Amino acid sequence: DVVLADAFDNDATTAIAKVTEISGDWRGLDIGPDTIEMFGKEIEQANTIVWNGPMGVFEMSNFAAGTNTVAQMLADATESRGAVTIVGGGDSVAAINQAGLGSKVSHISTGGGASLE
C-alpha cells in the first residue's frame with residue numbers, strides 16, 4: 001500500500017490505497033502501513049540488510065513515516081541482534097541522519113549504486 005496525496009505538499013489531503021488503485025491526480029509520497037509491516041517482517045529475518053533509497057518524501061514530515069520506521073528497524077536490527085546494516089546513497093544517508101540513527105547502523109556510504117558493486 002501507499003500513502004497518497006492530492007498535491008506535492010506537506011499539507012496535502014492524504015489517503016491510503018493499493019498501488020494499483022492510484023487514480024487521477026493523486027500521487028504516492030510514502031509507503032503505507034501494510035508495506036511498513038511487510039518490510040518489518042523481512043528485516044526481522046535478515047542478517048545483512050542493504051538500504052538504498054528512502055521509502056517516501058522524508059523531507060516532508062507528513063510523508064516521512066515509512067522512511068523513519070525503516071531507519072529505526074535497521075538500527076534496532078543492528079543493536080539487538082548484530083545484523084549488518086548498510087545504508088547507501090545520498091538521500092538514504094540524509095534520511096538516516098535526519099532520523100538521528102546514522103551512528104546506529106553498521107556502514108554508511110554516499111556511493112549509492114556504487115556501494116553495491
Revision key, fill the gap. Dividing the helical contributions, -39500 (n - 2.57) per DSSP H run of n ≥ 4, by the residues of the chain yields a 222 nm value, nearest 500 deg cm²/dmol, of -10500 deg cm²/dmol
Practice item. Report the charge-dipole magnitude of the chain in Debye, nearest 20, computed about the Cα centre from +1 at each Lys and Arg Cβ and -1 at each Asp and Glu Cβ. Key: 400
Practice item. Along Cα→Cβ, 7 Å out, is where each label goes; now give me the distance between the ones at Ile16 and Met38 in nm to one decimal. Key: 1.4
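Within region 1-106, what whole-number % of the accessible surface is contributed by carbon and sulfur, with the 1.4 Å probe and all protein chains included in the calculation? Kindly include the intermediate steps, with their values, before the conclusion.
Details: 2680 of 5480 Å².
Answer for region 1-106 is 49 percent, counting heavy atoms of protein chains only.
Express the accessible area of the chain per residue in Å², computed with a 1.4 Å probe while the remaining protein chains stay in the model. Intermediate results must be reported in sequence, preceding the final value.
Details: 6260 Å² over 117 residues.
Roughly 54 Å² per residue, with all protein chains present.
Show me 49-57, 78-86, 1-9 ranked by packing, highest mean number of other Cβ atoms within 10 Å first. Intermediate results must be reported in sequence, preceding the final value.
Working: 49-57: 20.0, 78-86: 15.6, 1-9: 17.9.
The most tightly packed comes first, giving 49-57, 1-9, 78-86.
The values are calculated or read from the model by the stated rules, or taken from the named source; none is laboratory data. Quantities reported herein were computed from a predicted structural model and do not represent experimental measurements. Neighbour counts are summed over all protein chains in view; Cβ atoms, including those assigned to glycine, are modelled from backbone coordinates with ideal geometry. Just the protein is used for accessible areas: all its heavy atoms, side chains included, with ligands, DNA and RNA removed. Shrake-Rupley method; radii C 1.70, N 1.55, O 1.52, S 1.80 Å.
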